[in-house]
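Values quoted throughout were computed directly from the atomic coordinates according to the rules given, and no laboratory measurement underlies them. From a predicted model like this one, the values you see are computed outputs, not experimental measurements. For neighbour counting, all protein chains shown are included, and Cβ atoms are generated from backbone atoms with ideal geometry for every residue, glycine included.
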Amino acid sequence: MKKQRIVVKVGTSTLTHDSGSLNLRSMEHLVRALADLHGCGNEIILVTSGAIAVGTARLGLSERPRELRMKQAAAAVGQCRMMHIYDKLFGEYNRSVAQILLTGDDVENPDRAEHLRSTFSALLEMGVIPVVNENDSVSSAEIETGHHKVLGDNDTLSAIVAALCQADLLVLLSDIDGLYDADPRTHPDAKRFHQVKDLTPEILEMAGGAGTWRGTGGMATKLSAARIAMESGCDMVITNGARPEDLYGIVEGQDIGTRFLARKKEDVL
């Protein structure tokens with residue numbers, strides 16, 4: 001198996017139960033697969049959602065807060081809880097993790113972006129698995145509509161991280177098996193796209209709205225992420241997060257989910 005630099009983004013719906021509490025079994029299966037792929041010599045970066053949902057459950061709130069400051073407070077509590085569990089689970093497989101929380105300024109400002117690239121590089125050289133999320137406790141781009149969004153959702157964030165780190169592969173773990181020509185939840189005869197070479201207007205029109213109440217993204221954000229990844233020379237795959245063991249086949253290039261084929265590296269440089 002060719003050694004690769006892989007960014008894996010996991011959504012809130014994969015990480016949590018309907019109640020908003022962490023789905024520990026799902027997290028454990030994901031961590032085991034990532035730790036194993038790391039053990040094969042791959043470099044792994046995990047982009048994780050879920051801080052607000054987990055914080056909401058941890059604080060005993062009956063529903064996701066609507067006021068911005070309360071959302072940000074819930075995110076701060078939830079992020080702490082999530083990193084504690086990631087550190088514990090990865091530690092069981094003798095893997096070290098590092099927390100990186102980003103805002104739009106971190107990736108938009110050239111100097112800060114270069115420092116960030118150097119930090120990722122140093123962590124990966126030392127065999128550490130960076131765990132990345134948007135810094136929701138200080139940034140409102142994702143959780144509150146604003147006029148200027150650089151990140152805006154973790155699908156986009158993961159693609160920006162993949163481009164920044166010159167990753168070979170970006171995998172978006174979602175609650176759907178891939179890109180379909182119609183919503184498979186309402187159209188049982190919908191057909192899955194196996195590969196996408198170009199984001200044509202017809203494909204872009206297939207993007208629906210946001211997914212579950214626990215998440216913020218939909219297919220539109222995933223196609224936006226695909227554009228960023230493909231233009232940076234990174235393949236991207238959308239697949240179902242309920243089967244983290246599929247990551248092995250995806251890394252080997254098997255027909256799992258929908259693979260968006262990158263521009264060739266020499267065309268990007």
- Message: Please compute the volume of the convex hull spanned by the alpha-carbon atoms of the chain and report it per residue in Å³.
- Response: 126 Å³
- Note on the structure: Using alpha-carbon positions, the gyration tensor of segment 37-191 gives root eigenvalues a ≥ b ≥ c; with a/c under 1.5 called rounded, otherwise prolate if a/b exceeds b/c, else oblate, the class is rounded
- Message: If you take every residue apart from ALA98 with its C-beta less than 14 Å away from the C-beta of ALA98, what net charge results, scoring Lys and Arg +1 and Asp and Glu -1?
- Response: -2
- Of the chymotrypsin sites (Phe, Trp or Tyr not before Pro) in segment 1-96, which ones lie in a loop per DSSP and count no more than 14 other C-beta atoms within 10 Å? TYR93
- Task: Could you compute the FRET efficiency for GLU67 and ASP175, with r as their C-beta to C-beta distance and R0 at 35 Å, rounded to 0.05?
- Result: 0.80
- Item | Additional length obtainable on full extension of the chain from HIS194 to ASP36, 0.36 nm per residue less Cα span | 54.3 nm
- Can you tell which of ARG112, ARG259, ARG81 shows the greatest fluctuation in a Gaussian network model of the chain with Cα springs below 10 Å? ARG112
- Among MET126, MET219, MET27, the residue with the largest mean-square fluctuation in a Gaussian network model of the chain built from Cα contacts under 10 Å is MET126
- Of the listed links LYS191/LYS222; LYS2/LYS197; LYS191/LYS264, those spanning more than 25 angstrom between alpha carbons are LYS191/LYS264
- What spacing in nm lies between the two simple spin-label points modelled at HIS115 and LYS264, each 7 Å away from Cα in the Cβ direction? 3.9 nm
- Nearest-20 debye value, the chain charge dipole, Cβ charges on Lys, Arg, Asp, Glu: 440 debye
- Using DSSP, restrict attention to beta bridges with both residues in the chain and report what percent are antiparallel, rounded to the nearest 5. 20 percent
- Report the longest stretch of the chain that contains none of the GluC sites (Glu not before Pro) sitting in a DSSP loop with at most 16 other Cβ atoms within 10 Å. 68-143
- Note on the structure: Along the dipole axis of the chain (charges at Cβ: +1 for Lys and Arg, -1 for Asp and Glu; origin at the Cα centre), the most positive-end residue among VAL77, ILE100, SER13 is VAL77
